[in-house]
Structures are given as structure tokens and as C-alpha cells.
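S.K.: Below are the C-alpha cells for one structure; questions will follow.
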Amino acid sequence: MSIKLPRPFRSIFKFFLYALLLLTVAVTGTVWISGDSSYQGRLQEPVVNDITQLNPVRVDRVVTPKSIDDIVAAIRTSTGPISIGGGHFSMGGQTAKEGSLHLDMRQYDKVVAFSPEKREITVESGITWHKIQQHIDPYNLSVKIMQTYSNFSVGGSLSVNVHGRYIGHGPLISSVKSIRVVLADGSQAEASPKKNPELFYAAIGGYGGIGVITEVTLMLDKNEKVERKTSTMKIAQYRDYFARNIRDNRQVVFHNADIYPPAFENVRDVSWYVTDKPLTIEERLIPTDRTYFWLPKLTAFASSSSFGKWFREHMLEPMYYSFDRVVWRNWEASYDVRELGEGDRSKKTYVLQEYFIPVANFDRFVPKMRAVFQAHDVDVLNVSVRHALPDPGSYLAWAREEVFAFVVYYRQGTSEQDKLKVGQWTREMTDAILSEGGTYYLPYQPHATIEQFRRAYPNADKFFAVKRKVDPQNRFQNKLWEKYYPSPDQKISDYLTQQKNYQRGEEQSFLSLPEWYLVFNPNEYVAFLDSGKNPSDFPFFKSIDEYWTLYDRVKILTNGVYPKNSEYQTMLWVIGVSTTVEYLLKGVYENTLGRLSRWTASRETPEEALIRDAHRAYARLIYDEPWYKFPFWSWAKRAWTDAPFFGQNFIRKIERKVFFTLEFGFKALYAKLIGFGAQTAYEPSDGLVTMHVRADAKTLGAIDERIKVLKDFGNRDLVITVPRWGEFTEIVPKVAARGVEFVEISGNDDILISATMAVEADAKPAPLKFLFASTVIAPEHQKRMVYVVKVAKLAKALRLMPESKLRLEHIYDY
Ligand SMILES: Cc1cc2nc3c(=O)[nH]c(=O)nc-3n(C[C@H](O)[C@H](O)[C@H](O)COP(=O)(O)OP(=O)(O)OC[C@H]3O[C@@H](n4cnc5c(N)ncnc54)[C@H](O)[C@@H]3O)c2cc1C
């Protein structure tokens, strides 16, 4: 049954429908042609990330040492934090720390000494396993212990104290004869189990927290031909099978057992036995320039659905393993990480985790692991079981006794919500492994709580004691140690993290620029009207373009540098589209009917003065409060009560009354709607910015009563709060002028500021890093300069601004 509207309603309905269609086309077209999507600007500080793309960290600068002197010089000529990166395959920010000097060790990669007779090699720590393999393979020697893939650096592998698929071995440390380390003061030390054992057992497995491992002497093994043998079984049979057939079998070189998801009931043993059968692959090593096409696709397919997983277990692998394979041990140890795929990881990414269980507790852990995966519907691609003998003594040992490792390869989304979800099940899994006397691996995302870390690594205090001794100023830092190392400022950071709404995303300082443009622009509108100009001449279309230009620029600047903040970007998109609609309608109206009515008037009407006042009041309010709190409707009414109905320039009077009532009436409705639904989303905090400053508490209180000292830690270390938004920009320069220094603001060390200055002038004063200029409509001959500055240098920058003829416009408080 269809409802038929009477004819006049049908025409009205049609009119609105067409008008809506036209508006949609106009808005889409305007948004399409506006903005600056070709913007080339980059935040100057380099970003260090890892294979998951989940952990972008902005470091201060990157140094690529090629010699020991380069390393020593980098340390001695700098004062701040230092982070160290090898292959950058760890997955939780272990290689980086914001604002640090980053040592990228990949070009420090020579073979220093090699003795085939002694089966020993000394290498620089940035060398990859693959490069070592190329060197030793002609002598029929192999690396004794390494991971499955050969792209990792030796230094990164030592600092994690890795394991492989080897039988009869344990963590990498058991194949290390000695190491050399450059310490925080630039001095060098040699360490082995006999010489400086403290340093040896702390630096290996020390995640770059002790010093830079520079040279390493490794023991090598024979390169032999190995033959693959495989069988499947129920997981309940595996431990016994392993004990009887694999553990003490000296013919087995590599072994792993893959547990098939999602049931986690069946296991495939894949073992490689020494053989003298003819090779099925003649290559001695897998070439580094090989291209990978099918494997990443099959991995993606297997992770795409339950069918994919079933297909892998029951079709793909039975077929794949039905072929005989005899290869060199070096070939089997020279896999390339690229085979896992190098595609787009912006929405979904592949990540590893690892749990270690004492061999006796294997069967008790499996059901607990299965329960966590199934309860959280974790998209597990594979769980690979390996075996390791006990660690000889590293302080952060993950194998304090003989263990099985469960290497979990899974897929996760990259949104904040996805990360929280992963954090939740990871902590549950960590509880499960701890409850069975096991531990978890540290090169992955640091989701475990500090308490879980302490339980998993009971000798962490010994490690921290060495760190305090050799690195008293805590120069060697990264995201892992930021979380778990109790630094001297720990009590301040602990206090700060307990504060409600303390931590805000640093990217929000950048992303809030277009949002603030919608504060500046109404003020420019008022300045424009105040200068006696015709409202019809206001460049509405240019303002739309400026909004989208700022939107594009901050998006490009933050992309890949910070974790994606989809929520904020969506909010910017929504307000951008509504502003485009508003300015389009206003622009079209003011340039037609508005211009016509103005033409009929000999002078300004009282309505126009009132409209100016209304916009002035609105422009003032939005500095400190959300826009929807403005009393639009009471102002709309005043057009009829405060200005007489009849009078000179009647046409203009009526036109302005109606136009203003429609504009503010509509905004009143919209504000009610937004205010209703978005109160919490718009401003979830208590409206305060929490920061750590260096100042005298008494002086600070006297500067402005809106500053509240939350805690005085002595030594001029204060935690304070200041109101957000407009008040923040008002108070912070006052504080800076009185010599106060900022240590961090809302957990961040970079902040965006904008200032205005004459169009013909230019200013790039030192602590400020210039990003771009933006158009100011009124007052005339002004432009907006956008800068980023280190929080630690903010006070100095603010003090220097007047010298450069810059007028501070805003400090973007995240
Ligand atoms: C696909 C994949 C497979 C993996 N398989 C295994 C596996 O089979 N077995 C296993 O045990 N692990 C495995 N891992 C984990 C991997 O071994 C570690 O992440 C390892 O650290 C990677 O080496 P890297 O050179 O990339 O180290 P990076 O990630 O660069 O560094 C790791 C840590 O070492 C520190 N570091 C690096 N170089 C030095 C140096 N010269 N001096 C002092 N500190 C330094 C860094 O600061 C950082 O804390 C795997 C990881 C991936 C991505």
C-alpha cells in the first residue's frame, strides 16, 4: 500500500527533496575542492616504528654509527635519553623513546674476527644473522642459536636473549662467549660469564637498558644436511611424544609443533633430522632478493575466516608437507620476514606474543590458553610450540628452568578499542601462564601490569641494581623501561598517572588546530564587521577552504607519526561538514538577498549592530566553553525586542531580523541536540590540564589564582592544574614570564602553538619549529604562524616571542 500526499504537500515535499539534493551535491563538491591534500610537510623529528606499525615514537634525532668511535661520540656529546634499535622487529616500542637520541645500529655490521677452527666469530652488533650466514656458510658452519628468521640483528637478538627452534639448546646467551658494551658515560667494558658477569647477565636480555652492546663473540656449529619429518597428533599426546622422540634425540636439529586454531586440539610436529640423503633444494641459503607472492596471501586467507583455518589444517598443510624436503641447516635457518607479507597494516596488523611454561605444566596451561583465546574470540593464526633448556643466569631470564615456548601469531585491529581489547586478553593470558609457574616474553606489546612483570621476572631488581650502577642518570630508555623501570622520577610519574584525565594523546594538540579555527574564524568575522565592512563581503568560501586546509595538513603531519585517532578525526569531519553547510548557505544568501537588502539601506541598522554584538558574545564564549552552550535563542529573540520593528531602512531591518532569527534559531535547535547527546563526548574531562613544572610553589600561587598546586614534590618539582582552552593560553605565558619551566603537559613532550604577525614579516625563532602559515581574514595584513615546540622549551619560546614580533594566538592543550 502506498501513501498518497495531497498535491500542495507533494510540491512542498518535492521542493525540499530537490533542495536537499542540491545542498548535498554542493557540500560534497565544496569539500572535494577545498583543502590541501598535496601538503608535503613532515614533523621534523624522525619516527621510529616496528613491523606491526602499532608503535610510532617520535625521537629527537637518529644517529647511524659505523664505528665504535661514532657510538662513543654520540653518547658523550649528548645529554638526554638514548634509545637503541637493531632490526626494529620487537613489537612494543622497545627500540624507542620520545625525544631520545636514537642509535640505529644497522650499519655497524662488520665481521671483526672469524676462526673456523675454533668455530668462533666476533661481529659488530648491528650485523644480521643472514650476513653472518653468508660469511660462515663457505666453511660449512652455522649459527648455533638464532630465531626462525635471519633478518634480526645480533645486538637486538642478544638484548632480547632470543631462542630458536633448536633441540638441545636454550636461550641465545648460552652460545655467547663474550660481549663488549659502551656504557652511559662513554666508557667501554668487556663482559663474559667470568669477566664482569654482572654486566654480562644484565646486558644480555636487557632490552637496551644497560648500554650499547658493540661487539659479540659467538660460538658456531656444524652446517649439516637436514631432512623434514612431520606427523600430527592430539595435543594431549604431545608432551609424552616430545619426551620420547625429540628431547634427547641428537639427530634432531630443529623442532616445532604447530597447534591448530580455533580448536587448539590438534598438533603438527615438524622436525628436521640430520641426514645424508640427497638435497631437494640445492641452494645453500635463501636469497635476500627473493619475492614473496603466495605465502602472504595464504596467511591472509588462513586468518580471514574459520574456513580459512580449517582449509589450512586439513588441505593446505597436508599437501605442503607431503613433499620430501632435504636442505642445508643454513638454508632452513635463513628465512626472510618478508615472507609474512609487507602489505598495508593501517587497519589490521599481525602480531606475536610468547608464553613460556615449565615442561611439567604443559598440559595444565593448554586448556587455560584455549579458554582465553575462545572467550575473547582472538584471531589466532598459529601457536607454535618450541623447547628450551634453562638459561645459564641472565637476570631477565624467561627460561629459569626447562620450558616449552608457545609462540602465538595473531591478527588484531589497530584502533584504540582494538588495542584495549588485546590488552585485556593479554593480561588474562599472562595471569594464566603465571598461575602455572610460567612467564611471558618481553619483546612484544607491554600490556602486562607492573605487578605481572614483577612476578614473571623475579630477578628484575638485580637487573635494576646494575642499571642504576652503570646508568645512574637513566639515559638508556625505551617504551618497555618507561613502563617497568622505577626511575628516580617514578613517584612523580606514578602520581601523575593516577590523576583523572591526566594523559591526553599528543596528536590531539595538532588535531585540535582545525577545531580552533572555528573559534578564530568567528572572531575574524567580528573584526571584519567591526571594521565597517559589508557582511556580504566576508569570504565564507575562503573560510571553508582554510578549515579543510588545516584539517588536511594536521592529518598529514600526524599520519604514521602518532597512533591513529579515528574518533578525533571523525569529530573534525563532522564539524567540518556542518560548517561547510552553514557557510555555503550563508555565503549564497549574503551574496544574493543579503547584498540586495544592503543595497536598499543608506546606513547600518540597529539590527546589524545587534548581530555584531551577538557574534562578539559568541566568539568570546567559545574560547572557554563548548559552542553549544551559547544562548542562541535569547539572542535571536532580541532582534525583535531590542530593535524597533519600524524605522529607517525598513527592508534591510526586516531582512536582517528574519535572517538572524533563522540563523540563530536553527543554531539554537542544533545546539540543543548536540548538547544533549554530546555533553560527555565533547568534554569528558573536568576542564583542567595537569602538568609537571619546575617552580616555587609560593611564586606560582601569586601569579594567578586559577593555578592549583596538586602536589609539591620538593626540589621545585610541582604538579599543577590550569584550566583548559582559552584560559590555558592566557595563564601559561604569564607563568613562563615569571621563570617557571614546564617538564611535561598531560603526559606529552611536544605541543602546537600558533601566533599572528604581519604578512610581510617572517619569524622562525629557535625553540619553535615552524610548520606552516595560515590565512587570517581580519584584521587585515596579518597571518597565522603554526609551530611545534618541545614542552621543555615552551617557556623559553614564549619568553622570546615578543622579540620576534609574534603575537601568541593559542597553545593547543591536547
Ligand atoms: C616475525 C618475527 C618472528 C620472531 N621469531 C622469534 C623467534 O623465533 N624467537 C625469538 O626468540 N624471538 C622471535 N621474535 C622476536 C625477535 O627475536 C625480537 O624482537 C628481536 O629483538 C628482534 O631483533 P631486532 O634486531 O629487530 O631487535 P630490535 O627490535 O631492534 O631491538 C630489540 C631490543 O634490543 C635492544 N638493542 C638492539 N640493539 C642493541 C645493541 N646493539 N645494544 C643494546 N641493545 C640493543 C633495543 O633497544 C630493544 O630493546 C620474532 C619477531 C618477529 C617480528
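S.K.: Quick check on the chain: of the DSSP beta bridges with both residues there, what percent are antiparallel, nearest 5%?
M.R.: If I count the DSSP bridges inside the chain, around 90 percent turn out antiparallel.
S.K.: Right, next: For the chain, with only Lys/Arg (+1) and Asp/Glu (-1) charged at the beta-carbon, what is the dipole magnitude about the Cα centre, in debye rounded to 20?
M.R.: With Lys and Arg at +1 and Asp and Glu at -1, about 960 debye.
S.K.: Also: Of Ala736, Val719, Ser804, which is farthest along the charge dipole of region 667-814 in the positive direction, counting Lys and Arg as +1 and Asp and Glu as -1 at C-beta?
M.R.: Toward the positive end, the furthest listed residue is Ser804.
S.K.: Over the chain, what is the relative contact order in whole percent, taking alpha-carbon pairs under 8 Å and six or more residues apart?
M.R.: Relative contact order of the chain: 11 percent.
S.K.: Please sort by residue number the GluC sites (Glu not before Pro) in region 203-271 whose DSSP state is loop and whose Cβ has at most 15 other Cβ atoms within 10 Å.
M.R.: Those that pass, being in a loop and sparsely packed, are Glu265.
S.K.: Let me ask something additional. Between Leu43, Ala26, Ile71, whose Cα lies farthest towards the positive end of the dipole of region 1-122 when Lys and Arg beta carbons carry +1 and Asp and Glu beta carbons carry -1, centred on the Cα centre?
M.R.: Ala26
S.K.: Provide Met571, Met429 ordered by accessible surface of protein heavy atoms (probe 1.4 Å), highest first.
M.R.: These residues rank, largest area first, as Met571, Met429.
S.K.: Related question: State the Cα centre-to-centre distance between region 426-475 and region 757-783 in whole Å.
M.R.: 49
S.K.: Right, something else. Using +1 at the C-beta of Lys and Arg and -1 at the C-beta of Asp and Glu, which of Val709, Gly647, Ala758 has the Cα lying farthest in the positive direction of the dipole of region 627-768?
M.R.: Comparing the listed Cα positions along the dipole, Gly647 ranks first.
S.K.: Same structure again: In straight Cα distance, which lysines are under 23 Å from Lys297, not counting same-chain residues fewer than 8 positions off?
M.R.: Within the straight-line cut-off, Lys297 pairs with Lys309, Lys347, Lys348.
S.K.: Considering only protein heavy atoms, what is the solvent-accessible area of Phe152 at a probe of 1.4 Å, reported in Å² to the nearest 10?
M.R.: Counting only protein heavy atoms, the figure is 40 Å².
S.K.: If one computes P(r) from the Cα atoms of the chain, what percent of pairs lie at distances over 53 Å?
M.R.: Roughly 28 percent, rounded to a whole number.
S.K.: Filter the cross-link list Lys708/Lys805; Lys586/Lys657; Lys177/Lys229; Lys542/Lys586 down to pairs whose alpha-carbon distance in this structure exceeds 22 Å.
M.R.: From the list (Lys708/Lys805; Lys586/Lys657; Lys177/Lys229; Lys542/Lys586), the Cα-Cα distance tops 22 Å for Lys708/Lys805; Lys177/Lys229.
S.K.: How do 353-359, 410-416 rank on mean C-beta neighbours within 10 Å, highest first?
M.R.: Per-residue Cβ counts within 10 Å, averaged per peptide and sorted highest first, yield 353-359, 410-416.
S.K.: If you count only protein heavy atoms and use a 1.4 Å probe, how large is the accessible surface of Phe13, to the nearest 10 Å²?
M.R.: Counting only protein heavy atoms, the figure is 120 Å².
S.K.: Can you tell me the accessible area per residue over region 394-442, all protein chains present, probe 1.4 angstrom, in square angstrom?
M.R.: On a per-residue basis, region 394-442 sits at 33 Å².
S.K.: Okay, moving on. Using the Cα centre of region 137-253 as the reference point, and only Cβ charges (+1 on K/R, -1 on D/E), how large is the resulting charge dipole? Debye, rounded to the nearest 20.
M.R.: Magnitude of the dipole: close to 600 debye.
S.K.: Hey, if we sort Leu20, Leu43 by accessible area with the 1.4 Å probe, largest down, what's the order?
M.R.: Order by accessible area, largest first: Leu20, Leu43.
S.K.: At a probe size of 1.4 Å, how large is the accessible area of Glu803, to the nearest 10 Å²?
M.R.: Result for Glu803: roughly 140 Å² accessible.
S.K.: Filter Lys500/Lys564; Lys672/Lys711; Lys467/Lys793; Lys555/Lys629; Lys637/Lys734 down to the pairs with a C-alpha to C-alpha distance above 31 Å, please.
M.R.: In this structure, Lys672/Lys711; Lys637/Lys734 exceed 31 Å between Cα atoms.
S.K.: Order the following by accessible area, largest value first: Val588, Val182. Probe radius 1.4 Å; ligands, DNA and RNA are ignored.
M.R.: So, going from the largest accessible area down, we get Val588, Val182.
S.K.: With an 8 Å cut-off on Cα pairs and a minimum separation of 6 or more residues, tell me the relative contact order of region 309-424 in percent.
M.R.: Dividing the mean separation by the residue count of region 309-424 yields 31 percent.
S.K.: Taking the Cα centre of region 326-390 as origin and charging only Cβ (+1 Lys, Arg; -1 Asp, Glu), how large is the dipole, in debye to the nearest 20?
M.R.: 200
S.K.: Turning to a different aspect of this structure: Do the sum for the chain: with -39,500 (n - 2.57) for every DSSP H run of n ≥ 4, divided by all residues, what is the mean residue ellipticity at 222 nm, to the nearest 500 deg cm²/dmol?
M.R.: -12500 deg cm²/dmol
S.K.: In the chain, which whole DSSP H runs stretch at least 18 Å along their own axis (Cα) and average -0.5 or higher on the Kyte-Doolittle scale?
M.R.: In the chain, the long hydrophobic H runs are 7-33, 362-375, 507-530, 540-558, 566-589, 650-682, 725-737.
S.K.: Additional query: Which order do the peptides 276-283, 562-569 come out in when sorted by mean C-beta neighbours inside 10 angstrom, highest first?
M.R.: Most protected by this proxy first, the peptides run 562-569, 276-283.
The values are calculated or read from the model by the stated rules, or taken from the named source; none is laboratory data. Since the model is a prediction, treat every value here as computed from it, not as a measurement. Note that we place each Cβ from the backbone using ideal geometry, even for glycine, and neighbour counts take in every protein chain shown. All accessible areas refer to the heavy atoms of the entire protein, side chains included, with ligands and DNA or RNA removed. Shrake-Rupley method; radii C 1.70, N 1.55, O 1.52, S 1.80 Å.
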